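Input: a single structure, listed below in structure tokens.
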2 protein chains.
Amino acid sequence: MIKIEQKDHNLKIYHNDQLVIHHTDTNPAFYLGSGTAHIENYRGNYEIDDYIESRIPLIDFQCQDYEITFSYYMLSLSISLSEVDDRLIVDFKSNQPVNRFWMRIYATPEEKVYGCGEQASYFNLRNRDYPLWTSEPGVGRDKHSLTTYYANLFDKAGGDYYTTYYPEPTFVSTRRYWLHVDSNAYAIFDFKHSDYHELFFWEVPKSMVISFKQDYKDILKDLTSYTKRPPRLPEFLHDGIILGVQGGLEKVLGYLKQAESHGVKVSGLWCQDWAGHNYTSFGKRLYWNWRLDEKLYPDLKNVIKELDKKNVAFLTYICPFLLKNETLFNEAKDNHYLALNQDGDSYILDFGEFDCGIVDLTNPKAFNWYKNVIKHNIIDLGIKGWMADFGEYLPVDCVLHNGVDAKLMHNAWPVLWAKCNYEAVEETQNLGKVFYFMRAGGHGSQHYSTSMWAGDQSVNWETHDGIASVIPSALSTGIIGNPFTHSDIGGYTSLHGNIRTKELFERWLEMNVFSSYMRTHEGNRPSTNFQFYQDDSTLNLMARMTSIKVALKPYMLHLVDEAMEYGYPVQRPIFMHYPEDSTAYNLQYEFLFGADVMVKPVVHSEQSTQEVYLPEDDWIHLWTGTHYQGEQRVNVGCPIGYPPVFYRKNSKFRELFDNITKEYHNKGGSL
Amino acid sequence: MIKIEQKDHNLKIYHNDQLVIHHTDTNPAFYLGSGTAHIENYRGNYEIDDYIESRIPLIDFQCQDYEITFSYYMLSLSISLSEVDDRLIVDFKSNQPVNRFWMRIYATPEEKVYGCGEQASYFNLRNRDYPLWTSEPGVGRDKHSLTTYYANLFDKAGGDYYTTYYPEPTFVSTRRYWLHVDSNAYAIFDFKHSDYHELFFWEVPKSMVISFKQDYKDILKDLTSYTKRPPRLPEFLHDGIILGVQGGLEKVLGYLKQAESHGVKVSGLWCQDWAGHNYTSFGKRLYWNWRLDEKLYPDLKNVIKELDKKNVAFLTYICPFLLKNETLFNEAKDNHYLALNQDGDSYILDFGEFDCGIVDLTNPKAFNWYKNVIKHNIIDLGIKGWMADFGEYLPVDCVLHNGVDAKLMHNAWPVLWAKCNYEAVEETQNLGKVFYFMRAGGHGSQHYSTSMWAGDQSVNWETHDGIASVIPSALSTGIIGNPFTHSDIGGYTSLHGNIRTKELFERWLEMNVFSSYMRTHEGNRPSTNFQFYQDDSTLNLMARMTSIKVALKPYMLHLVDEAMEYGYPVQRPIFMHYPEDSTAYNLQYEFLFGADVMVKPVVHSEQSTQEVYLPEDDWIHLWTGTHYQGEQRVNVGCPIGYPPVFYRKNSKFRELFDNITKEYHNKGGSL
């Protein structure tokens, strides 16, 4: 129900009795203006200097039913209110072409907000502003860290708290609503103000949708019925770990054998180098011409069939960029499938010592052609999954087939790329059987990305880019409707003196039992970083943790069911199920794994005990069977292999958890 | 002559046939708006977050004679044009109380601008924007340096290219004008645009003055007749070096004796610890209760008389802050002479492990009282000079006697502080005999500060905060009318691993022969940094360089005469005397010392030769007598003691320079 209240210079817009917009002449709901942006791009890292030429408060307004025109002098914005599926829809239209737009949504001082895509530094976004622009998140992401200092110095790649692969103009508020703005333009969502949220865009957005619900479960359900939900996660993912290995068939089958001989449950081999290798100063890179390297992986189709028999999937890698002067590049170029530069030539992008063209996904023919590349070069081989990498890099100065300014397509690119993969899987009747994982995202990833991964963390313990950062990442993508995500076990980026240790790998391993699925990565510099296959005791730990993952399969299937039916994410903020618990809203390094399991991973080095906040409920410690009453902080021991995990006494999976406790409790030791 | 041209939506304002303002509806000359600033202050380092609420282009205009009203809807700005002393004066008045103001001054793409106070990173300000806010300049001042990284991390004190003790809304353009805006508000002068300069203020300024002249000499003369010029520099300063030493009378007299025994020409002893010591983690600090410590300096009045006989002045230190609970603080507090906090108590400022009150210089009684402290506690002792330190620190949340918002008084503080010192000297009939040196400044420093010093450089070779940075500092303060400045020989700040070396001290020493006067400083951590009194060969070099300084005295007196009569600075950009030389406008690490001497100091470590650009003229190398034709780059050797210096063959001081060449040429070696 829409309600509009007018009084003198005051205007209030309610939906379902909740105040959405409160306009006064000293607190105008809308501003329009103009600006000029200077954007510098260095390998996916963007420096954006926005010169705001004008910002005009639309103080005056006139209402006619559900059409309201806000204006100042000759400039006006008309908004049109309607209700669809019990959601409030607001359509926008300005009377002049302007390129800067600000809108204020009513807020309360104590309100908290979550989402805006994947946010790796802060789950609660309040008191900060968030530029929404898909990019490399940066190395370090914290100006106080030396990692960031050196990443900025050498590569302009330090990042900051808000830099993300996956920005989205969508958030969830503790006022119990979700909000989405229909725009791909660069935006800044500013949550620093006590009585409004200011949403800023480089265009007049088409519309906004806001939906108030009773609780967070309803919010997730409603939001994901709006975004649509992803396909079912393939069941084989619950049967073990995906080993991220490379170096050719003989080598990777050797790793598999080694792992299995230690009792590791393996669900897949992820061989990103299926198309060959490239070497740069950054480390070992892939050969970006996406077709099987038959020398490295001879007779792969038959090998895959053999692997299928023992329920081990084979996984690969692809991205929407093509190595210059190679076969796919040439084919795309000849067919005019590549994005162009201002001179009308193929746009060539430097990826760090090698150059690539960009498949123009706005060209339906190019889109279909690349979809067929995925079908023929990957799916036809029997491949069950891949990393669909690099959606962030669309340069703002390229010329696209659809004629839209690349600045406005930049944020749309990840979802176009997701859709290309989605359709390849859908059209081969493989939804729910074949999957891919993406780091870049945007509005629509909820549906078109079969799963996410958190991207390239530094191989260390730093808060904003190390192991801890994948937890707020999972919670923020989850709260806006992406149920399935995970992270590289062990992290990825080894630069500026950061080298992966055995301890880091093992903490990451035990943490990721409690994510959608488990996958390792060798990182950008495999030979100088710790690898599981170098260490028997780590392989033994992998056997333990993957066995627990397999033991959790019935629970995992239940979580996937919930994701399909309600859009609930696998990793959830505690407040989703304990909305009355005010402490829960401030926790970003512990989470619920489904409704029944509480996890607070160990994200610091050399830690032997962990303090965990338990919400009000009856909890049982997974490794000792000790009962705890919630609504308090408890301390538990946390030797490696025993991450702080609790389950609900009243869970309908109680027996399953009890059995894990029996089988995997800390034999002999006390926690 | 003022000329106004109108045509449709176009308006052009000329002065003396030069275009000053070009208004169109797509390039409005004025914008008004509102904003809210969040200012964080940490020991003189400010983090300013300005939220611009509105920025309204005043597109419409109406002229009536020399009154023009620019407006948009209900908001308007009236400007009134008049001519005084052949300068254009523009007065501003808005019809509504607004706190954000933007003005665009016509510019050409090739134009360069200089000034805006003291600028240590870039002399030519074009293509950057310059926040104008007096503050600590920071340690490192370059986000690419580790010094800056650590200074930010530990003390929020890294600074940036624009941070300065002395900002001023005054600049000189290569379009041959000077411009000043009458406002103390926070400002940003944005020189990044090709066809206008955008000047931004946190208030509607009272007025602007702009004055077009034929050449830079006329600009200096006119600008300093507007600002008024400082008193004459005391003559004793040309008779040698001021030794910055401390530790009590016995110690400093020992240093004097040691220096003199090596043949060093000493003009003064600067003993900043005359009021006693304090120790903090930063280093050795002074005891901020400004009265003689008679234990450290017994019988000082008589000692000064003895020193006077041999033409050695005694110098001290003072700042406008008073150590909490000490005698001056208590006296000021009892008389209500201290600035207050929001609760009406004395405002207490943390200076790094010690707390101080602030003398409220807006209170005429407090101003007079503090003037008398200077007279009685300093001048009456026979003291000839002092560092008048710390004008930058006025906190924006203190309450002042004059009722003006401290945010608007912050930039005015340095000049109030200068005026307090000035009047103490003036009222004791000591102008031209007694002097002080200040780092903080603002509009009026030209008159009220008897000389400047460049503040606390890092004791290293880093571009933006080391030895090199004092050159653009001198040129920028000079070009807007401050003829006399100098820097701490050897630099000051030893933090984050930077330790002063003998080489750095000696390069700084030889450079400062060619500044207004010479003064050493022990730095913030005397015991761990190189000091001249530890090293005989340095003392011998000091004997050489100070003898040259003394030999230059007739030339120095001429430069002081020029400063008095025309406002010409001692250190000048080359283009001041060679305006047709396009290369000259881009040089910021070489300068003219008066009209007849070209200097390019050595500002890198382990350098044996230096490339110097000579403008078109006949030049003679000071250390070899070699003649060079100008308008070319030449290479000269530069062993320590022989900085690259040239003099004009046609100088009327030719004989003086020739004699220096004869006396001080590189005996034996070749350069």
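Per residue of B:149-156, how many C-beta atoms from partner chains lie within 10 Å of its own C-beta, taken as a mean?
2
Provide, in order from the shortest bin, the percent of all Cα-Cα pairs of the stretch B:291-399 in each 10 Å bin, continuing until the bin that contains the maximum pair distance.
Spelled out bin by bin, the stretch B:291-399 gives 13, 41, 29, 14, 3, 0 percent.
So how many Å³ per residue does the convex hull of the Cα atoms of the stretch B:2-219 work out to?
126
Say a label goes 7 Å from Cα toward Cβ at A:ASP299 in every copy; what distances in nm does this one have to the rest, shortest first?
Distances to the matching label points in the other copies: 10.7 nm.
Using a Förster distance of 35 angstrom, determine the FRET efficiency expected from the C-beta separation of B:LYS93 and B:LYS365, and round it to 0.05.
Step by step, r from the Cβ atoms, then E = 0.60.
Quick one: which residues, 5 or more positions from A:CYS638 or on another chain, have an amide H under 5 Å from its amide H? H modelled 1.01 Å from N in the peptide plane, none for Pro or chain starts.
Long-range HN contacts for A:CYS638: A:THR609, A:GLN610.
Taking N as the number of residues in the stretch A:297-340, what value does Rg over Cα atoms divided by 2.2 N^0.38 Å take?
1.72
Just the number, please: Stokes-Einstein D of the stretch B:109-208 in µm²/s, Kirkwood Rh from C-alpha pairs, 4 °C, 1.567 mPa s.
91
Under 8 Å for C-alpha pairs, at least 6 residues apart: give me the relative contact order for the stretch B:2-219, rounded to a whole percent.
19
Dividing the Cα radius of gyration by the Kirkwood radius, what Rg/Rh value follows for the stretch A:8-126?
Rg divided by Rh gives 1.02.
When the chain is fully extended, how far beyond the present Cα-Cα distance does A:ASP25 get from A:LYS192, taking 0.36 nm per residue of separation?
So the chain would gain 58.1 nm between A:ASP25 and A:LYS192.
Under 4 °C and 1.567 mPa s, how fast does the stretch A:564-671 diffuse according to Stokes-Einstein, given a Kirkwood radius computed over C-alpha pairs? Answer in µm²/s, whole number.
Reported coefficient: 91 µm²/s.
Using a 1.4 Å probe on protein heavy atoms, which residues of the stretch A:57-101 have at least 50 Å² less accessible area in the complex than alone?
Buried by the other chains: A:TYR72, A:TYR73.
How much of B:CYS63 can a 1.4 Å solvent probe reach, expressed as accessible area in Å² and rounded to 10?
For B:CYS63, the solvent-accessible surface is approximately 50 Å².
For chain B, give me the percentage of DSSP beta bridges that are antiparallel, rounded to the nearest 5 percent.
Around 85 percent of the beta bridges assigned by DSSP in chain B are antiparallel ones.
Name the long-range amide H neighbours of A:ARG128: under 5 Å, sequence gap of 5 or more, or other chain; modelled H, no Pro or chain starts.
A:PHE191, A:LYS192
Am I reading the A/B interface right? What is its buried accessible area, both sides, 1.4 Å probe, to the nearest 100 Å²?
2200
Compute the accessible area per residue over the protein assembly as shown, keeping the other protein chains in place, probe 1.4 Å, unit Å².
34
Mind checking which lysines have their Cα closer than 18 Å to the Cα of A:LYS12? Skip sequence neighbours fewer than 8 apart in that chain.
A:LYS3
Can you tell me what percent of all Cα-Cα pairs in chain A are more than 43 Å apart?
Counting pairs separated by more than 43 Å, the tail of P(r) holds 22 percent.
Once the mean 1/r over all distinct Cα pairs of the stretch B:11-78 is inverted, what Kirkwood radius in angstroms do you read off?
When all Cα pairs of the stretch B:11-78 are included, the Kirkwood radius is 14.3 Å.
What is the distance in Å between the Cα centres of the stretch B:628-665 and the stretch B:419-480?
28
To the nearest 0.05, how large is the calculated FRET efficiency for A:GLU611 and A:GLN214 if R₀ is 41 Å and r is the Cβ-Cβ distance?
0.80
Could you derive backbone 3J(HN,Hα) for the stretch B:155-160 from the dihedral phi with the Karplus parameters 6.51, -1.76 and 1.60 (θ = phi - 60°), listing whole Hz in sequence and x where the residue is Gly or Pro?
Going residue by residue, I get 10, 6, 10, x, x, 8 Hz, with x marking Gly and Pro.
Grab the alpha carbons of the stretch B:81-136, take their convex hull, and tell me the volume per residue in Å³.
Roughly 163 Å³ of hull volume per residue.
For chain B, calculate the relative contact order in percent as a whole number, restricting contacts to Cα pairs under 8 Å that are 6 or more residues apart.
12
For peptide A:47-55, how many partner chain Cβ atoms fall within 10 Å of a residue's Cβ, on average?
4
Tally Lys and Arg at +1 and Asp and Glu at -1 over the other residues with C-beta under 14 Å from the C-beta of B:LYS549: what net charge comes out?
With Lys, Arg at +1 and Asp, Glu at -1, the neighbours total 0.
Each residue of the stretch B:279-290 in turn: what ³J(HN,Hα) in whole Hz from Karplus with 6.51, -1.76, 1.60 and θ = phi - 60°, glycine and Pro shown as x?
For the stretch B:279-290, the Karplus curve yields 10, 9, 5, 5, x, 7, 10, 8, 8, 7, 10, 7 Hz.
Taking the stretch B:496-567 as the region of interest, what is the percent of Cα-Cα pairs per 5 angstrom bin, listed from the shortest bin to the one with the maximum distance?
Per 5 Å bin, starting at 0, the Cα pair percentages come out as 3, 14, 22, 20, 14, 10, 8, 6, 2, 0.
Highest mean first, how do A:655-664, A:235-244, A:124-133 rank when packing is the count of other Cβ atoms within 10 Å averaged over residues?
A:235-244, A:124-133, A:655-664
On the protein heavy atoms, probe 1.4 angstrom, tell me the percent of accessible surface of the protein assembly as shown carried by carbon and sulfur.
Solvent-exposed carbon and sulfur of the protein assembly as shown make up 46 percent of the total.
For the stretch B:235-562, what does the relative contact order come out to in percent, with C-alpha contacts under 8 Å and a separation of six or more?
17
Determine how large the accessible area of A:TYR642 is when every protein chain is in place; take a 1.4 Å probe and give Å² rounded to the nearest 10.
40
So what is Rg over Rh here for the stretch B:235-562, counting just Cα atoms and using Kirkwood for Rh?
Expressed as Rg/Rh, it is 0.95.
Three principal axis extents, largest first, for the C-alpha atoms of the protein assembly as shown, in Å?
Ordered largest first, the protein assembly as shown gives principal extents of 103, 73, 69 Å.
Using the Kirkwood radius over Cα pairs, work out the Stokes-Einstein diffusion coefficient for the stretch B:345-459 at 37 °C and 0.692 mPa s, in µm²/s as a whole number.
In µm²/s, the coefficient is 221.
Set the Förster radius R0 to 56 Å, insert the Cβ-Cβ distance between A:VAL404 and A:HIS604 as r into 1/(1 + (r/R0)^6), and round the FRET efficiency to 0.05.
The pair A:VAL404/A:HIS604 has a calculated efficiency of 0.75.
Mind checking the full-extension length gain between A:GLU110 and A:SER527? Use 0.36 nm per residue of separation minus the Cα-Cα distance, one decimal, nm.
Net length gain for the segment: 145.2 nm.
The values are calculated or read from the model by the stated rules, or taken from the named source; none is laboratory data. Computed from a predicted structure; not experimentally measured. No Cβ is skipped: glycine too gets one built from the backbone with ideal geometry, and neighbour counts run over all protein chains shown. Accessible surface is based on the protein model in full, side chains and every heavy atom, while ligands, DNA and RNA are left aside. Shrake-Rupley method; radii C 1.70, N 1.55, O 1.52, S 1.80 Å.
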